[in-house]
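> Would you mind keeping the following structure in view while I ask a few things?
Only the coordinates and a few stated rules stand behind these numbers; no lab work does. If you're wondering where the values come from, they're calculated on a predicted model, not measured in any experiment. Quick reminder, even Gly has a Cβ in these numbers, built from the backbone with ideal geometry, and neighbours come from all protein chains shown.
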Amino acid sequence: MGSTQLPPGTEETLAATTAAAAAPGEPVEMVQLLGPDGKLGSDPIFSDYAKRIDPEKLRVFYTDMARIRRFDQEATALQRQGELALWVPLTGQEAAQIGSGHASQPQDYIFPTYREHGVALVRNVDLAELLKQFRGVSNGGWDPRENNFHLYTLVLAAQTLHAVGYAMGIQRDQKLAAAEDSTDSKAAVIAYFGDGASSEGDVHESMVFAASYNAPVVFFCQNNHWAISVPTEVQTKVPLANRAKGYGFPGIRVDGNDVIAVHAVTEWALEHAREGRGPVLIEAYTYRVGAHTTADDPTKYRESAEEAAWREKDPLDRLEKYLRAEGLADEAFFDQVDADGDELAKYVRSTTHGLEVPDIREAFANVYAEQHPLIAEELAWFEEYSAGFESDEETAN
Amino acid sequence: MATMTIAKAINEGLRASLTKNPKSLLMGEDIGHLGGVYRVTDGLIKEFGDERVLDTPLAESGIVGTAIGLALRGYSPVCEIQFDGFVYPAFNQITTQLAKIHARSLGKLTVPVVIRIPYGGGIGSIEHHSESPEALFAHTAGLRIISPSNAHDAYWMIQKAIECQDPVIFFEPKRRYWLKGEVDVENAGLSADPFKAHVVREGTDATIVAYGPLVPVALAAANAASEDGRSVEVIDLRSISPLDFDTVEASVKKTGRLIVAHEAPTFGGIGGEIAARIGERAFLHLEAPVIRVGGFHMPYPVAKVEEDYLPDIDKILEALDRSLAY
Ligand SMILES: Cc1ncc(C[n+]2csc(CCOP(=O)(O)OP(=O)(O)O)c2C)c(N)n1
């Protein structure tokens with residue numbers, strides 16, 4: 001039995017402790033390993049997964065969470081200074097993103113929404129590239145195939161279906177590979193979406209398709225409690241993780257501010273999917289500490305006490321407490337993390353200023369993959385029109 | 001040469017593509033064991049199995065959305081939407097995602113998805129089974145939209161659509177599914193380029209442009225007009241986006257008169273686009289304003305009155321008379 005298989009009986013336990021046990025409306029149990037006090041607890045299933053995380057990996061988790069928080073602050077500042085059209089902050093959701101991102105393997109493909117900057121970091125997307133969209137110089141910015149990290153999608157939930165289709169493609173590839181006796185490693189897909197997006201029909205349809213075809217996909221819902229100004233209670237009457245039961249696959253609620261539990265649960269889910277046992281829904285129970293975007297004003301719709309209560313559960317603080325208490329990181333480590341953060345901020349600031357504004361001809365070039373007469377005609381008109389200005393300038397000079 | 005119906009020609013075209021390209025696959029509601037409500041996919045599941053011919057859950061956004069994911073993974077999915085009026089739940093996936101992914105990724109990603117939609121009226125059906133929504137899609141950059149009018153085109157155009165690296169919406173003229181015609185399965189001929197219009201009847205006095213289900217109507221009108229000594233040219237547009245204005249323009253420069261006929265409502269339709277373009281390109285060659293013959297600005301009417309709604313020979317001849325009266 002490999003590490004990818006659960007011990008006998010645990011699947012049943014899992015089903016019982018997660019989705020299956022809770023009737024609609026009843027609170028679902030939440031997997032938590034590292035509490036807000038920084039103490040490590042245990043879980044009958046997921047502690048085994050947590051044990052795979054060595055101290056070095058824990059330090060990487062901390063470093064990445066700190067880096068992405070620092071990046072977030074820098075991007076928010078850039079927006080305030082008019083350098084970005086909009087920014088979508090992630091502060092509060094670092095553990096959900098860094099933990100799940102690190103659970104993925106390079107061959108897994110990731111479909112984010114628009115707030116998954118932490119996952120992007122883990123997948124080695126250049127953070128300056130990530131800002132292109134928010135600076136208005138690109139509708140994407142990076143090559144999704146380089147790191148198997150898809151472009152952001154602004155139409156909520158649309159990508160959840162793409163994720164399932166992609167997973168169906170992986171299934172077919174595996175059959176073809178098996179026929180060719182290839183040693184390609186098995187892959188899975190993660191689809192990220194929010195608690196608000198969970199109300200969209202596409203999420204529902206994606207889960208129906210995923211279940212029907214037993215697709216290797218992990219649905220990762222970051223329940224950050226707010227869809228702009230609307231609380232989760234308006235989106236759902238049952239804990240979101242419970243919904244999975246209705247589709248016929250496991251649903252797990254995990255403490256989204258506990259990077260160890262998120263990693264453990266996601267690793268389990270990805271293995272489950274890669275091994276051909278079908279989809280999993282993970283609900284990472286977390287909180288959007290700041291505004292929805294830089295255009296938002298949370299004071300209009302929520303109490304500051306709520307925000308303060310969640311700050312007490314801060315994902316970085318609790319891992320820092322643990323690392324210090326266990327003697328896994330010293331002052332020098334934390335100083336280094338701070339210094340790295342400063343470096344990153346400097347890099348992001350300077351590269352943002354330098355992001356090139358594209359020529360609209362690039363847009364003409366990419367509407368279609370194949371030659372298209374209307375594009376050719378409109379481009380020719382544009383060239384002639386532009387040339388008119390150039391010759392005007394020449395005459396003026 | 002073989003003689004077959006349009007439905008059979010599409011079936012054979014799909015079969016040829018599935019055979020040629022191991023990464024092509026079909027997906028849709030009831031397309032497997034039933035062979036589709038129009039039997040266009042008849043027998044294909046037996047031949048290619050349910051991994052290549054998928055009876056999907058009943059969810060149009062799901063069909064197109066997962067097809068996009070499959071295409072991103074290197075597959076060439078062909079989706080069937082059961083009826084024209086049921087494409088709207090997938091409208092979001094088609095217009096905000098499918099059409100834009102190539103552009104959004106600066107050309108790094110391609111999504112060669114084909115969406116087959118049986119469309120148009122004239123079959124006496126009930127609500128939502130007779131619509132012509134092509135203009136809604138034609139307005140969206142990034143999509144290609146074609147519609148065959150005969151069996152040979154149907155056989156080749158579906159294969160070319162599947163080969164095309166851009167998303168293609170393939171509108172099938174459902175009331176012509178049983179129209180028989182010669183198909184040269186060896187030689188695509190003019191059908192090798194599905195995005196070009198064909199002059200299907202030569203003439204000198206006026207031009208009628210039509211596509212899909214109205215091509216036979218336009219030809220019948222031209223034949224009727226010839227009995228009155230009028231020589232009418234008929235163009236089968238075949239491709240709605242891109243639209244082959246060059247062929248239309250060349251014809252208008254010869255005849256001086258243009259009538260555009262389609263089943264979709266006239267207002268905001270493809271006919272208006274053709275009229276405007278030809279006005280810009282061939283104004284001095286026009287002897288009369290471009291006249292549109294199309295549906296009224298109303299939901300597709302109940303079957304018992306659809307004859308009053310649909311462009312027919314008489315409506316086209318009336319337009320021809322008006323044009324010739326200038
Ligand atoms: C289809 C669609 N409808 C509306 C919006 C506008 N909108 C952007 S974000 C948002 C709230 C999303 O909330 P949630 O899914 O919980 O994700 P979060 O932003 O909290 O991460 C809304 C309504 C959108 N982007 N897409």
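> Using Cα atoms only, what is the angle between the long axis of helix A:201-213 and the major principal axis of chain A, expressed in degrees (0 to 90) to the nearest 10?
For helix A:201-213, the angle is close to 60 degrees.
> Using Cα pairs under 8 angstrom and six or more residues apart, how large is the relative contact order of chain B, in percent?
Computed value for chain B: 16 percent relative contact order.
> Considering amide H positions built from the backbone, and no H for Pro or chain starts, which residues 5 or more places from A:R253, or on another chain, come under 5 Å of its amide H?
Residues meeting the criterion, in which the H sits 1.01 Å from N, are A:V31, A:E283.
> Mind checking which of B:N92, B:N150, B:N11 has the largest fluctuation in a GNM of chain B, springs on alpha carbons under 10 Å?
B:N92
> With a cap of 12 neighbouring Cβ atoms within 10 Å, and only residues DSSP puts in a loop, list the chymotrypsin sites (Phe, Trp or Tyr not before Pro) found in the stretch A:311-397.
none
> Sequence-distant or interchain residues sharing an amide H contact under 5 Å with B:I240, placed H: which?
Under 5 Å from the amide H of B:I240 lie the amide H atoms of B:I145, B:I146, B:S147, each far enough along the sequence or on another chain.
> Provide the packing ranking of A:90-99, B:179-188, i.e. peptides ordered by the mean count of other C-beta atoms within 10 Å per residue, highest first.
A:90-99, B:179-188
> Taking chain B as a Gaussian network, where each spring joins two C-alpha atoms under 10 Å apart, which residue of B:M27, B:M298, B:M157 fluctuates the most?
Comparing B:M27, B:M298, B:M157 in a Gaussian network model of chain B, the most mobile one is B:M298.
> How compact is the stretch A:15-149 by the rule of thumb for globular proteins, expressed as Cα Rg over 2.2 N^0.38 Å?
1.24
> Helix B:6-20 versus the longest principal axis of chain B: what is the Cα-based angle in degrees, 0 to 90, to the nearest 10?
40 degrees
> Only Cα pairs under 8 Å and at least 6 apart count here; give the relative contact order of chain A as a rounded whole percent.
This gives 24 percent for chain A.
> Can I ask one more? Take every Cα pair under 8 Å in the stretch B:75-227 that's 6+ residues apart, average their separations, divide by the length, and report that relative contact order as a whole percent.
Worked out over the stretch B:75-227, it gives 24 percent.
> Angle, helix A:331-354 long axis vs. longest principal axis of chain A, Cα atoms, 0 to 90°, nearest 10?
30 degrees
> Compare A:L40, A:L121, A:L316 in a GNM of chain A, Cα atoms joined below 10 Å, and give the one with the largest fluctuation.
A:L40
> Go through B:45-51, B:32-38, A:262-268 and give me the packing order, highest mean Cβ count within 10 Å leading.
Those peptides, ordered most packed to least, come out A:262-268, B:32-38, B:45-51.
> Helix-only estimate, please: 222 nm mean residue ellipticity of chain A, summing -39500 (n - 2.57) across DSSP H runs of length 4 or more and dividing by its residues, to the nearest 500.
Helix contribution divided over all residues of chain A: -15500 deg cm²/dmol.
> I'm a student and want to see the number: the projected area of the Cα convex hull of the protein assembly as shown, averaged over all directions, in nm².
Hull-based average projected area comes out at 37.5 nm².
> Here's another thing I want to ask about it. Treat chain B as a sphere of radius equal to its Kirkwood radius over Cα pairs and apply Stokes-Einstein at 25 °C in a medium of 0.890 mPa s; give the translational diffusion coefficient in µm²/s, rounded to a whole number.
Translational diffusion coefficient: 123 µm²/s.
> Using only atoms on other chains, find how many Cβ atoms lie within 10 Å of each Cβ of peptide A:203-212 and report the average.
Partner-chain Cβ atoms within 10 Å, mean over residues of A:203-212: 5.
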